[in-house]
Amino acid sequence: MAEHKILLIGCGDMGTQHAKAWAAIGQPIGALVDIDEERLQRLGDTYAIDRRFTRYDEAIAEMHDADIVDICVPLAFHLPVTLQACAAKKHILCEKPLARSLDEADSMDQAVKAAGIKFAIGFQRNLPPWVNFLRREVQAGHFGHPLLFTCDSMAEVRPKRFMHDRHGNNGPVVDLLEHYFLLWETVFDAKPVDVGAFGFIAAHDRPEIAQFPEKAIDTAVVTIRYASGDVGTVTVSWGLAAGCRISETPDRLIGPKRVAMPASSEGGGWTLYEGPREAHRAFPSVNAHALQAQAFIEYVDGERENPPSSLAVGREMLQLSLAALTSIETGHVVSVSEA
Ligand SMILES: NC(=O)c1ccc[n+]([C@@H]2O[C@H](COP(=O)([O-])OP(=O)(O)OC[C@H]3O[C@@H](n4cnc5c(N)ncnc54)[C@H](O)[C@@H]3O)[C@@H](O)[C@H]2O)c1
């Protein structure tokens, strides 16, 4: 593996995870960027990175020896940082979601193609071995057909308030559910056909997010039907009352022959139920961000043909999120081809 130099933009939660991942695979971070100087200092001190910037445009312009830009800032900055990084001909690993709109996504696509750089989007949750295990078991016919994948995610109002801004990360339907959409598509090995959703803003009168003139939908049930006849459905809320420690319902993959559920909420494998029989399948714990970083470097080095997740996949997942929001708004099922 060739050595690269990373310019890491954003030193919050994802920036911290990515810094750990780059260290795990032995790729040096050349400089850090954050508007928050405390975060800049904390991450810089942890990994002994002396070059620190508070402006990404200056960092991109000055860091001639960095060939990779790693984008870990809120969604509103994914397009402008990508455009600057493309202009400087740097490869890009960008956190999901790709963009706020399909127009933004298309601008990113054009810039990436014009610059001839390599781009990947951060859907690291699709990389642990259990995802591929479920996909293989489904494709081998061990679950039967059709399948229902049910998922559930519950949280209070997010401490990162930009998550609730309709013009920021646009709530869980955009910020979170794309992980599930990609999981379903991978396991079913089929393309989505239509999306039906209901939702509302549970936290509409919470003072923590009163500053946003338009708040994002924070509570929804989203169902997608796939060309294979399989169905994925997720219930999500980021509007629970503070301190509410509700247990999430575990994911379930339900087929006519077999059902699978995670063995525990902490991970630790999946239990497969086949009639009265139960089998447990354990998986080694992995650092999914490190798997992603490694796959991205292999892609940049030309050792693998495709990125861990491509810009096109990011656009497709965004399109599904936006279709779900349209379905919530209109009360109609939205065909993916028309979304
Ligand atoms: N892949 C995943 O599982 C996953 C999980 C969480 C978040 N994310 C995504 O990662 C991105 C970052 O989210 P996060 O959870 O790390 O948020 P965060 O708030 O923890 O970190 C974002 C950082 O960006 C900095 N920042 C904001 N504007 C900036 C600017 N203009 N220039 C430089 N720095 C700026 C903030 O000060 C903050 O430190 C979002 O797009 C989010 O959707 C992905």
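A few comments on the model shown:
- Rg/Rg_globular for the range 1-154, with Rg_globular taken as 2.2 N^0.38 Å and Rg from C-alpha atoms: 1.20
- Mean-position separation - Cα centroids, the range 101-128 and the range 36-52, in angstrom: 27
- Cβ-based exposure ranking for 83, 8, in which fewest neighbours within 10 Å come first: 83, 8
- Rounded to 5, percent antiparallel among DSSP beta bridges of the chain: 55
- Cα→Cβ-extended label distance, 7 Å offset, between residue 282 and residue 46, nm: 2.9
- Simple spin-label estimate for residue 58 and residue 13 in nanometres, 7 Å along Cα-Cβ: 2.9
- Förster radius 56 Å - calculated FRET efficiency between residue 65 and residue 246, Cβ distance, rounded to 0.05: 0.70
- Applying a threshold of 31 Å to the alpha-carbon distances of 20/191; 5/160; 113/215; 191/257; 5/96 flags 20/191; 113/215 as lying beyond it.
- Mean ellipticity per residue at 222 nm, deg cm²/dmol - from DSSP H runs of n ≥ 4 across the chain, formula -39500 (n - 2.57): -10500 deg cm²/dmol
- The Rg/Rh ratio for the chain, using Cα coordinates for both the radius of gyration and the Kirkwood hydrodynamic radius, is 0.97.
- Fewest-first ranking of 11, 151, 244, using other Cβ atoms within 10 Å as the exposure measure: 244, 151, 11
- Backbone N atoms of the range 68-91 closer than 18 Å to the 7 Å Cα→Cβ label point of residue 106 belong to residues 79-80, 83.
- Projected area, mean over directions - the range 168-274, Cα convex hull, nm²: 8.3
All of the numbers you see were taken from the coordinates with simple rules; none came from a lab. All figures in this text were calculated on a predicted structure; none of them were measured in a lab. Cβ coordinates were reconstructed from backbone atoms using ideal geometry, including for glycine residues, and neighbour counts include every protein chain displayed.
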